[in-house]
Amino acid sequence: MTDPWKIIKQLESDNSRLFKEDVIKHNLHDTSFQEGLAMCLDALITFGVKQVPESNQNGKGLDWKTFKEGANLLIERERTGHAARDLILDLMHAAKINQWNDWYRRILIKDLRCGVSEKTVNNVAKKMNLDYSVPVFSCMLAHDGAKHPKKIKGNCLVEYKYDGVRVIAIVKKNKATLYSRNGKVFNNFPHIEDALSRSEFNNLVLDGEIMSDDFQALMKQVYRKSGAETDDAYLALFDLLPLDEFNNGKSKLNTLERKKQLDKLSEFFESCIKLVDYVILNFDDESENDTFTKMNKEALDKGYEGLMIKPSENYYESKRSHAWLKIKPFIEVTLKIISIQEGTGKHAAKLGAFQVEGTDDGKFFSLSVGSGLTDEDRDKFWESRDKLIGMLVEIRADAITKSIEGEHYSLRFPRFKSFRGFKKDEKI
């Protein structure tokens, strides 16, 4: 058996996907390596610690069984606070430097730092016909209601669509953990974590959007390593379900029943936790369609992105589902930056526009977008232009158009809204 930390260093040595898959293939039969990968890559396994020190001295060596026992004490929250810190130090002092820094520590910080995700591991395991996989974090996502008008019928809950950061809050043993839609942990909203860390919310998954007065400013604070200013942020909740149903991928209660449960829990909410209001409309009744049309027109004026339509008898599914339909008064697409153009005139030596490409909803887009950027944005983005290639950006526009050449799609009046992540190809 190859030592796990040597496998990690080998995976770091080459960025080729095929190379990484081959390395994993040659080592995935080892049970301790499997367990370590799962412990690190399963988003729902958390250790309740934010700082894990690096080692600078060799211990006698720490076997997997001893580390796993200690890690499980953290996972089950049987060691928290100072007791958790002392346990981690004991484990670190027992381990050899490379053993700790390149394997055990990376498990505890939930980052292997070698370009391997749970999907990579699962693809290899599937090809090997192994009865093993790492759970993939998945939450419910909406379809575009404008493309599925026949789904909008009968009694539906209608909500304003908030323009914030999607957050899945999971509460276990009186401790809340906040996740992105992709399963990354948010650590910069301690007041929201504290407000949800109570027994009434145990073993529940609470789904919502973190909001503040300025979306762009909020995005800058989400992953700051220190000094994040998020005191004004609040969590707008629109759904909940038990943790076991979330893990199974589907709720047992329908949309309206879950809303009623959320309403009952609201008596325990602090000021930083709010409920998303909703109305119930019968889309088979023309008079109620008029109410919907009025709400849709008012959405932008009130600072919302649009509306969400949720048929009342449907269920929460941990995937993109027609049980949620979004209606927006504008087009939004997420595309990748492939090049950056310098500005002219007053924007010389600054960012002029992003050249972006990508496929969204089956259509390939290629266009330039230079609107929606402040002077500060143009200066800052131009200085870091090399790092922005490959980043995903969200673009708003009035309509989808066909290019002059007819080979791809473009957008009418495109304008930059925000980055969708903080790394290449990342979408949160």
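Scanning region 303-314 for any residue that is of a type outside the set (D, E, K, R), modelled with pLDDT of 90 or more and not in a strand (DSSP E or B) turns up at least one such residue.
For region 40-55, how many residues are more than 19 Å from the chain's Cα centre (by Cα) and aliphatic (A, V, I, L, M)? Before you say what the answer is, go through the steps one by one.
Of the residues in region 40-55, the ones more than 19 Å from the chain's Cα centre (by Cα) are 49, 51-55.
So of that shortlist, the ones also aliphatic (A, V, I, L, M) come out as 49, 52.
Within region 40-55, residues that are more than 19 Å from the chain's Cα centre (by Cα) and aliphatic (A, V, I, L, M) number 2.
Checking each residue in region 278-297 for being modelled with pLDDT of 85 or more and under 21 Å from E332 (Cβ atoms) picks out F292, M295. Scanning region 305-318 turns up one or more residues that are in the same structural domain as K250 (by TED's automatic domain parsing) and either of a type in the set (K, R) or loosely packed, with under 14 Cβ neighbours inside 10 Å (or both).
Restricting region 264-286 to residues that are closer than 18 Å to S312 by Cα and within 25 Å of the chain's Cα centre (by Cα) leaves a set whose member that is surrounded by the most Cβ atoms within 10 Å (Cβ to Cβ) is V276.
Kindly state which helices (runs of 4 or more DSSP H) lie completely within region 1-98 and contain at least 2 residues that are exposed (fewer than 14 other Cβ atoms within 10 Å of the Cβ).
Details: elements: 4-12, 17-25, 31-41, 64-75, 81-94.
Correct list: 17-25, 64-75, 81-94.
The set of residues in region 127-162 being more than 25 Å from the chain's Cα centre (by Cα) and either in a strand (DSSP E or B) or free of Cβ contacts under 8 Å to residues at least 12 places away in the same chain (or both) consists of N129, D131, P149, K150, N155, C156. Every test in (1) out of contact with any helix residue (DSSP H, G or I) (no Cβ under 7 Å at 6 or more places or on another chain); (2) of a type in the set (G, A, S); (3) not assigned by TED's automatic domain parsing to the domain that holds K184 is passed by G343 save one, and that test is (1).
Check whether at least one residue in region 52-71 is of a type in the set (D, E), within 23 Å of K423 (Cα to Cα), out of contact with any strand residue (DSSP E or B) (no Cβ under 6 Å at 6 or more places or on another chain) and not assigned by TED's automatic domain parsing to the domain that holds F186, and report yes or no. Break it down into steps so the answer makes sense when it comes.
First, the residues of region 52-71 that are of a type in the set (D, E): 54, 63, 69.
Checking the rest, the ones that are also within 23 Å of K423 (Cα to Cα) come to none.
For region 52-71, residues of a type in the set (D, E), within 23 Å of K423 (Cα to Cα), out of contact with any strand residue (DSSP E or B) (no Cβ under 6 Å at 6 or more places or on another chain) and not assigned by TED's automatic domain parsing to the domain that holds F186: absent.
In summary, R412 fulfils each of the numbered conditions (1) closer than 27 Å to E298 by Cβ; (2) among the charged types (D, E, K, R); (3) in the same structural domain as Y304 (by TED's automatic domain parsing) with the single exception of condition (3).
I'm trying to understand the selection: among the residues of region 163-183, which are of a type in the set (G, A, S) and either surrounded by 21 or more Cβ atoms within 10 Å (Cβ to Cβ) or in a strand (DSSP E or B) (or both)? Before you say what the answer is, go through the steps one by one.
Let us first name the residues in region 163-183 that are of a type in the set (G, A, S), namely 164, 169, 176, 180, 183.
Hits for region 163-183 are A169, A176, S180.
Residues of region 272-291 being of a type in the set (S, T, Y) and farther than 14 Å from C156 by Cα, which ones?
Step one: list which residues in region 272-291 are of a type in the set (S, T, Y), which gives 278, 287, 291.
Across region 272-291, the qualifying residue is only S287.
Take D360 and tell me if it is at pLDDT below 95, exposed (fewer than 13 other Cβ atoms within 10 Å of the Cβ) and closer than 30 Å to C156 by Cα. Here the answer is no, as D360 does not meet what is asked. Out of V356, V393, one residue alone is in a strand (DSSP E or B), of a type in the set (A, V, I, L, M, F, W, C) and in contact (Cβ under 8 Å) with a residue 40 or more places away in the chain. It is V393.
Residues in region 168-208 that are among the small types (G, A, S) and either at negative phi or touching a strand residue (DSSP E or B) at 6+ places or on another chain (Cβ under 6 Å) (or both): A169, A176, S180, A195, S197, S199, G208.
The values are calculated or read from the model by the stated rules, or taken from the named source; none is laboratory data. Here the structure is a predicted model, which means the values were calculated and not measured. Here the Cβ is made from the backbone with ideal geometry for all residues, glycine too, and neighbour counts use every protein chain on show.
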